[in-house]
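Scroll down for the structure; my scribbles are underneath it.
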Amino acid sequence: GGAVLRTLDASASTGGIEFNAGSQIRTVTTGSGADEINVYTSTVADDPATTADETVSASVSTGAGDDYVYVSTSGSGATTVSTGDGDDEIEIWNAGSNTLTVNAGAGDDTVVLDNSTTVSWSSSSTGVKDVVSGGDGVDTLSMSAAIATANSGVTTFERAIDGFEKVSIGFVTS
């Protein structure tokens, strides 16, 4: 078999990047420009050199620009999304069963937790398992009514969400 692409490093790019990552990608990094990144991956990798599945993490990091990032991960690895300056949209469809960390950076950003997003706000040894931060600017957190209802009585929810000036609750579609 051929080599498998696991990392895309376009951090030196100054133009927009459009990338649809398949099931083997683990890390996507872009530079400045309006990027569109779609990541569909499992954070459990099947390494043919071993008989066991390995836990890996998925990471998307964009530079300055008005970026769109769509993430759907499964498995037990961590999922991290960090966008640079700009008016970004981050859509989390699913984030696996480990930690989710979102940092939207400076700008008027929108973070969407879609209807099937698996997010755990439960306490861990460090206090909060998942963290979603809007960063500087007028940021919007959008989620389905189901997610809002499920988390309305969870005290760690308020500690896990930071930097959002607007909240939109309703039926979320992609």
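Values computed for the structure shown
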quantity: Spin-label model distance (nm) - Ser152 vs Leu5, 7 Å beyond Cα toward Cβ; calculated: 4.4 nm
quantity: Summed side-chain charge close to Phe19 - residues other than Phe19 whose Cβ falls under 9 Å, Lys, Arg +1, Asp, Glu -1; calculated: -3
quantity: Sites Ser168 and Ala49, calculated FRET efficiency, Cβ-Cβ separation with R0 30 Å, nearest 0.05; calculated: 0.05
quantity: Charge tally in the Cβ shell below 10 Å around Asn38, where Lys, Arg are +1 and Asp, Glu are -1, Asn38 excluded; calculated: -3
quantity: Peptide ranges 102-111, 139-148, 9-18 listed from the most packed, as the mean C-beta count within 10 angstrom indicates; calculated: 102-111, 139-148, 9-18
quantity: Backbone HN-Hα couplings from phi across the range 25-30 [Karplus 6.51/-1.76/1.60, Hz, Gly and Pro as x]; calculated: 6, 10, 9, 10, 10, 10
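All of the numbers you see were taken from the coordinates with simple rules; none came from a lab. Computed from a prediction, not measured in an experiment: that's the story for all the values here. Here the Cβ is made from the backbone with ideal geometry for all residues, glycine too, and neighbour counts use every protein chain on show.
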